[in-house]
Amino acid sequence: MGQAGCKGLCLSLFDYKTEKYVIAKNKKVGLLYRLLQASILAYLVVWVFLVKKGYQDIDTSLQSAVITKVKGVAFTNTSDLGERIWDVADYVIPAQTAAGACRERPCPDPTSQAKPLFDCAAGDCSILSESVENKWDPENFQVLVSQGENVFFVVTNLIVTSNQRQNVCAENEGIPDGACSKDSDCHPGEAVTAGNGVKTGRCLLKENSARGTCEIFAWCPVETSSRPVEPVLKEAEDFTIFIKNHIRFPKFDFSKSNVMDVKDRSFLKSCHFGPKNHYCPIFRLGSVVRWAGSDFQDIALEGGVIGINIEWNCDLDKTASECHPHYSFSRLDNKLSKSASSGYNFRFARYYRDAAGVEFRTLMKAYGIRFDVMVNGKAGKFSIIPTIINVGSGVALMGAGAFFCDLVLIYLIKKREFYRDRKYEEVRDWSLLEMPVPAPHPNRNLRFNKIAR
């Protein structure tokens with residue numbers, strides 16, 4: 001870089017730039033500028049303030065509590081269970097506590113020689129260290145699992161295996177790890193992978209076959225592997241679900257419930273949810289499944305998962321009575337897939353003791369519908385801070401529109417060089433150069449307007 005270049009660079013550090021307003025009499029650019037201004041103003045008023053309510057402070061930290069109840073009665077007559085009445089205590093799996101495990105596995109008769117599995121006298125479910133040898137599988141401690149009130153399960157179908165006792169029997173033929181052709185294939189004491197018990201070391205061959213299954217120590221007879229043909233509790237379609245939801249927005253200290261505040265107790269016994277009755281959250285089970293896009297008899301056969309979503313979008317600039325819950329329903333499991341794992345099921349057992357004090361049980365594989373109640377929402381209220389922020393953003397967008405029109409004016413249209421020369425003008429201090437300042441041309445403004453037009 002030469003000496004002159006360095007000098008020019010140093011002198012340019014002391015230059016000062018100021019705005020110069022040039023009124024360009026160009027109708028196309030002027031129309032474009034007004035359209036941009038109108039679009040930005042419409043965006044600010046309609047979208048930001050009316051639709052998105054940009055003048056409000058928003059609280060999305062929703063606090064929620066859900067209480068659910070299911071009601072209904074069904075009658076069945078099957079070969080496994082005989083004639084039976086099903087009420088809510090039979091077909092609904094609610095939250096269960098560890099204390100319930102002692103009730104599920106009752107203590108033996110005090111006069112019996114059998115040793116208890118749980119320390120029932122102590123009032124808890126601690127296992128006695130001196131208990132007799134027992135074979136434990138998931139059904140033994142199924143009752144220890146708890147569920148929240150926003151998740152509940154309604155039994156619609158059952159596979160029952162009655163009178164199971166801890167004994168030795170053949171493993172199910174459908175278990176790959178239980179297949180064998182000789183005793184050495186069954187390692188004693190080894191649990192059958194995805195099976196029902198522990199191998200004893202014997203291979204039980206079928207008649208006229210070189211293949212068989214390992215003998216196992218388990219709850220015998222083992223569960224059948226057959227799939228259900230039709231639902232047992234077809235009448236469950238007419239059961240009702242009561243969903244009580246309390247919500248609170250802590251930022252605004254606002255609380256509300258989805259149940260109408262009435263003193264008449266008979267109101268909830270006669271009302272049903274409908275498009276015009278959002279404050280009676282009593283749903284017919286079949287209607288919920290239909291609103292989720294499924295057929296009840298189809299989902300009742302092998303089970304499924306239904307999501308119930310409660311949405312609270314509250315404008316607190318209005319009265320509290322304008323804040324309403326909105327419900328939506330969806331099938332959460334893959335209803336189109338008919339794979340080996342499709343549906344929803346689990347196992348539980350009922351335990352008994354015979355006259356000799358020997359424990360036995362009835363194993364039930366329950367198919368049914370799991371309901372997940374999900375609550376979300378937001379609340380908004382006027383605040384000056386978001387209002388100022390959004391108005392400032394709109395003003396900045398107005399400046400961006402002017403910048404875009406400048407680019408069109410000095411770079412894109414045909415007379416861009418003319419407008420560029422008029423927009424950017426270099427002004428020197430003529431007194432430093434000891435030269436007279438040239439007088440402006442008397443017809444300069446007239447000539448500019450003529451060319452600009």
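Which of the strands (runs of 3 or more DSSP E) found entirely inside the stretch 190-281 contain at least 2 residues meeting this: under 23 Å from Lys365 (Cα atoms)?
197-205, 212-220
Could you say whether any residue in the stretch 326-347 is touching a Cys at 6+ places or on another chain (Cβ under 9 Å) and either without any contact (Cβ under 8 Å) to a residue 12 or more places away in the chain or under 30 Å from Ser257 (Cα atoms) (or both)?
no
Within the set of pairs 6 or more residues apart or between chains, which connect a residue that is open to solvent by 60 Å² or more (accessible area, probe 1.4 Å) inside the stretch 17-38 to a residue that is of a type outside the set (Gly, Ala, Ser) with Cβ atoms less than 7 Å apart?
Sorted first by the residue in the stretch 17-38, then by its partner, the pairs are Lys20/Lys423; Lys20/Glu425; Lys25/Asn449; Lys25/Arg453; Tyr33/Cys405.
What tally of residues in the stretch 322-341 results from selecting those that are at pLDDT below 90, surrounded by 15 or more Cβ atoms within 10 Å (Cβ to Cβ) and not acidic (Asp, Glu)?
Looking only at that region, the number is 1.
Mind telling me which of the residues Asn208, Asn150, Asn157 ends up being open to solvent by 60 Å² or more (accessible area, probe 1.4 Å) and touching a residue at least 60 places away in the same chain (Cβ under 8 Å)?
Asn150
Can you tell me which condition Gly293 does not meet? The list is (1) open to solvent by less than 30 Å² (accessible area, probe 1.4 Å); (2) at pLDDT 90 or above; (3) in a loop (DSSP other than H, G, I, E, B), and all the others hold.
(1)
Which residue, of Arg284, Arg347, is more than 30 Å from Ile247 (Cβ to Cβ), surrounded by 14 or more Cβ atoms within 10 Å (Cβ to Cβ) and of a type in the set (Lys, Arg)?
Arg347
Does Asp238 fit the bill of being charged (D, E, K, R) and open to solvent by less than 70 Å² (accessible area, probe 1.4 Å)?
no
Take Lys251 and tell me if it is open to solvent by 80 Å² or more (accessible area, probe 1.4 Å), within 30 Å of Ser61 (Cα to Cα) and modelled with pLDDT of 90 or more.
yes
The values are calculated or read from the model by the stated rules, or taken from the named source; none is laboratory data. Predicted, not measured: the structure shown is a model, and the values here were computed from it. So basically every Cβ, Gly included, is an ideal-geometry build from the backbone, and we count neighbours across all protein chains shown. These area figures cover heavy atoms from the full protein model, side chains too; ligands, DNA and RNA do not enter into them. Shrake-Rupley method; radii C 1.70, N 1.55, O 1.52, S 1.80 Å.
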